[in-house]
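The values are calculated or read from the model by the stated rules, or taken from the named source; none is laboratory data. No experiment lies behind these values; they were computed from the predicted model shown. FYI the Cβ positions are ideal-geometry reconstructions off the backbone, even for glycines, and counts take in every protein chain you see. Ligands, DNA and RNA are stripped out before the accessible areas are found, and what is left, the full protein with its side chains, is counted by its heavy atoms. Shrake-Rupley method; radii C 1.70, N 1.55, O 1.52, S 1.80 Å.
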Amino acid sequence: MLVIKYINSLVAMETALLFILLLLCNFVNTEDLSASLAAGGKFNVSWSFSETTPDSEIVFTISAHTEGWVGLGFSPNGAMTGADLIVAWIDSEGTSHLMDMHATGNQLPLVDSSQDVSLVSASEVNGVTSFTFKRKINTCDDEDAVIMTSTTRLIYAFGDTDPTNNVLSSLNYHGATKRGVKSVYLLDTASKIPDESLPDDLQYFDLNVTDYHVPATDTTYHCSFHDPPQLDTKHHILSIEPLITKGNEALVHHMVFYACWGVDKEHLRTTTRRRVSVPPPRCQNLSPLAIT
């Protein structure tokens, strides 16, 4: 669901407008800076920072439903190749291991020549392994990713067992079901406008996607159509924010919000394919109003 906030302004919203919401069936809690990366909360990450200067530190906590190794990566495109990786585990003697690594392909990652992550804490309780570590936003290491204010593609993986003799090898391969990717805004905390700064004459309009069953496939796009509110005066969209039903956070990767004028809604329904990543045919020349 999207919440759209209107305020009277100089931009006209015509009554022939049709809102189109394209849903890719994953969401970040921007208030406490956390995200569920895997369905069912099997892999979670949270982070905190006080400044966004290159020399500032950012602290991450990862937790996974495993008593084996865990890994978090910063990928340029969502794939393993070129990713900056942190791999960690707690061995049978209770010693914590944290490694700064990088991937050159879909193969065993390599240990960085410079270890630019610091362990803060680690635990293994009731089948859940958790690590808190910190690093600089820009480590000035070519083998590390610079954490940006734009979209960061987090990749994750975990294994059932610890590396033999504490040496990570191909035997610790995560398989197809214990890894994934999610796009998040790690340093963007300004996207949510404080309620106290909003004007008193604000109007709210919800776009609801109801009774939609997400298929058991890796990627599914769902397109829905929504009539706008009837407005007699000029209005401006002040902000757009997602509202995800609790428990469904790991299912929604992103939303794309379009607006079309003078288009028949039934025509759009009958000409839009089920799996699409672009707006319907008559709206394809439009830019999205928002991507969340």
If I ask for residues that are under 23 Å from ALA79 (Cβ atoms) and more than 14 Å from the chain's Cα centre (by Cα), which ones from the stretch 149-162 would you list? ALA157, PHE158, GLY159
Filter the stretch 183-226 for residues that are of a type in the set (Asp, Glu) and modelled with pLDDT under 80; the one that is least open to solvent (accessible area, probe 1.4 Å) is ASP188
Can you pull out every residue in the stretch 46-64 that is open to solvent by less than 20 Å² (accessible area, probe 1.4 Å) and not aliphatic (A, V, I, L, M)? TRP47, SER56, PHE60
Only one of (1) modelled with pLDDT of 75 or more; (2) more than 19 Å from VAL184 (Cβ to Cβ); (3) open to solvent by 50 Å² or more (accessible area, probe 1.4 Å) fails for LEU243. Which number is that? (2)
Considering (1) within 14 Å of the chain's Cα centre (by Cα); (2) over 19 Å from LYS134 (Cβ atoms); (3) at pLDDT below 95, say which one ALA35 fails and leave the rest. (2)
Residues (out of contact with any Leu (no Cβ under 7 Å at 6 or more places or on another chain) and closer than 23 Å to GLY40 by Cβ) located in the stretch 86-112: TRP89, ILE90
Could you say whether any residue in the stretch 128-135 is small (Gly, Ala, Ser) and either in a strand (DSSP E or B) or crowded, with 17+ Cβ neighbours inside 10 Å (or both)? yes
